[in-house]
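First the structure, in the form of structure tokens, and then the observations on it.
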């Protein structure tokens, strides 16, 4: 009988130690939807927590955003997001504190300049002003690492092909006396390695 009691006590102690090893901190995740469409986010936790969340945020706009607050466990989550009437993106979400994610209006590029988006059409769309760029500035307005602005949509890029980059193009078409290329690309924020919402 003493051996059985000792085994039960050891089993309880072992399970308590294992539970103590799992990070159990809970944090609030604020999601602000200004996109104009419903946003759905699936979060799958690591093997340590086995946490799973499916978050739904109804459509809101810039004037009347929808704000939802969720309480989730601290973890590095595998993330899948559906937004902008069906655009699907995936990546990770690192939750180690309070976070606020703002889903911006679909199709709206955030003001700021980078080598990828230096054309005047994009600048006018952002600011309405004509701006002369004198050097390479990488500045994307994606908020701060705990207050991030989320943007994801597909765009069509077109132009005269540079044949050294032909492997990047989606296709070609002939018009008049010239050949033109087109390429489907994704515009997404936040971008880079400093963010908790990663693509």
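Read-outs: derived from the displayed coordinates by stated rules, not from any lab. Keep in mind the model is a prediction, meaning the values are calculated, not measured. Note: ideal-geometry Cβ built from the backbone for every residue, glycine included; neighbour counts use all protein chains shown.
Observations on the structure shown:
- Peptides 171-181, 29-39, 143-153, ordered by how many other C-beta atoms sit within 10 Å of their residues on average, highest first, read 29-39, 143-153, 171-181.
- With R₀ fixed at 41 Å, the C-beta to C-beta distance from residue 48 to residue 166 puts the FRET efficiency at about 0.35.
- On the beta carbon distance between residue 80 and residue 154, with R0 = 22 Å, the FRET formula returns roughly 0.85.
- Legend: calculated FRET efficiency, residue 24 to residue 175, from the Cβ-Cβ distance at R0 = 45 Å, rounded to 0.05, equals 0.15.
- Residue ranges 97-103, 159-165, 87-93 sort as 97-103, 87-93, 159-165 when ordered by packing (mean number of other C-beta atoms within 10 Å per residue, highest first).
- Sequence of 49, 71 once ranked by neighbouring C-beta atoms within 10 Å, starting from the fewest: 71, 49
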